[in-house]
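A.B. asks: Got a structure for you, questions after.
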Amino acid sequence: MTTTIERPSAAAPTEPATSRRWELLGLITLLIGTGVAYIWGLGASGWANSFYSAAIQAGSVSWKAFFFGSSDAANSITVDKPPMSLWLMSLSVRVFGLNTWAMLVPQALLGVASVALLRAVVVRRFGAAAGLLAGLVLALTPVAALMFRFNNPDALLVLLMIAAVWAMLRGVESGKTKWLLITGMFVGFGFLTKQLQVMLVVPPLALTYLIAGPPKLGTRVLQLFAALGAMIVSAGWWLLIVEFWPASSRPWVGGSQNNSILELTLGYNGLGRLSGNETGSVTPGGGGGGGSMWG
């Protein structure tokens, strides 16, 4: 007599597992779609902003120009911003040669990373659907599509600002000092991208943690001072090197009147942006009252 043992049928996938698969599929579709949209026809942008293109080319052939953000390989003058936004593009051009794609594909990838990170920020609080929607809105925003297909500093600046928000919200969840330090680091890197413009996110970030952070009030205040220290260190190292480097052996600080990175920070790229008196130009010694056209 033969006994037949029926094996139980495989259990149907649980609802959470199915949901996670759909979430992953949605994320992959969003990121691939964003990448295709930002890279498709990228060559139409040509050299984009030729002011920064010249500095990218210079940085791809001269490490000194790379470090200072010089407009030319002879290191006569820098662009009117810190060079962090140029570094990734210069490295790409150094590896793949000077062409539009080598220069602008890194910018498009920064856009994909920004969409992914914004989705990660939103999904932790509001769920997968809201996260995908937030990423989609960013990806389809016309100014974002332009920004991530161009070589201006704003592409990296946006990514770093989103990263600072992401790190701060992790700090609000856990109360751990390391997340405050990471927040400060991202803000500092944003300063090395477009100087004081990154400071727009600092007051709301600090206020958020001061109100919603888990530790006691005194601890929260100390943690915010630690974040400030991380911001100063992550931005200040480059400024100090430039400021104390002998002026005779480094390029002129573009946009400044007195060949000073501190003057550029507080003047043309600082109070000048608020008052409209953007005295500064891309030529040594500056110009008249008209500001530079490069933003």
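What follows is calculated from the coordinates using simple rules that are stated; it is not laboratory data. Fair warning: this is a prediction, and the values are worked out from it, not measured in the lab. Glycine also receives a Cβ, built like all others from the backbone with ideal geometry; neighbour counts cover every protein chain displayed.
A.B. asks: GNM, the chain, Cα, under 10 Å: largest mean-square fluctuation among GLY171, GLY43, GLY188?
C.D. replies: Looking only at GLY171, GLY43, GLY188, the biggest GNM fluctuation is shown by GLY43.
A.B. asks: Compute the FRET efficiency between PHE126 and LEU228 as 1/(1 + (r/R0)^6), taking r as their Cβ-Cβ distance and R0 = 22 Å, and round to the nearest 0.05. Don't skip to the end; give the middle numbers.
C.D. replies: Values: r = 29 Å, r/R0 = 1.34.
Once the sixth-power term is evaluated, E becomes 0.15.
A.B. asks: So what is the relative contact order for region 153-244, in percent, with contacts set as C-alpha pairs under 8 Å and at least six apart?
C.D. replies: After rounding, I find 36 percent.
A.B. asks: Hey, which lysines would be in cross-link range of LYS216, C-alpha to C-alpha under 19 Å, not counting anything within fewer than 8 residues on its own chain?
C.D. replies: Cα-Cα hits under 19 Å: LYS176, LYS178.
A.B. asks: Moving to a separate point now. In a shell of Cβ-Cβ distance under 14 Å around VAL123, excluding VAL123 itself, what net charge do Lys and Arg (+1) and Asp and Glu (-1) give?
C.D. replies: Net of charged neighbours comes to +3.
A.B. asks: Now, a different point. Please label the shape of region 30-152 as rounded, prolate or oblate, based on the square roots a ≥ b ≥ c of the eigenvalues of the alpha-carbon gyration tensor (a/c under 1.5 means rounded; beyond that, a/b larger than b/c means prolate, else oblate).
C.D. replies: prolate
A.B. asks: Separate question: Considering the chain as a Gaussian network with a 10 Å cut-off on Cα pairs, which listed residue, GLY236, GLY127, GLY218, attains the greatest mean-square fluctuation?
C.D. replies: GLY218
A.B. asks: If you don't mind, there's one more thing I want to ask. What lysines does LYS81 reach when the alpha-carbon gap must be under 23 Å and sequence neighbours fewer than 8 apart in one chain are set aside?
C.D. replies: Cross-link targets: LYS64, LYS194.
A.B. asks: Any idea what angle helix 100-126 forms with the longest principal axis of the chain, computed on alpha-carbon atoms, 0 to 90 degrees, nearest 10?
C.D. replies: 50
A.B. asks: Would you mind checking which residues have amide H under 5 Å from ILE77's amide H? H placed 1.01 Å from N; only 5 or more apart, or other chain.
C.D. replies: For ILE77, whose amide H was placed from the backbone, the distant partners under 5 Å are SER71, ASP72, TRP252.
A.B. asks: Taking θ as phi - 60°, what are the ³J(HN,Hα) couplings along region 32-38 by the Karplus curve (6.51, -1.76, 1.60), each to the nearest whole Hz, with x for Gly and Pro?
C.D. replies: These are the phi-based 3J(HN,Hα) values: 5, x, 5, x, 5, 5, 7 Hz.
A.B. asks: Can you compute the FRET efficiency between ARG21 and ALA44 using 1/(1 + (r/R0)^6), with r the Cβ-Cβ distance and R0 = 41 Å? Round to the nearest 0.05.
C.D. replies: Plugging the Cβ-Cβ distance into 1/(1 + (r/R0)^6) gives 0.65.
A.B. asks: Please work out how much length the chain gains when fully extended from ILE241 to LEU262, using 0.36 nm per residue of separation minus the C-alpha to C-alpha distance, in nm with one decimal.
C.D. replies: Full-extension gain reported as 6.4 nm.
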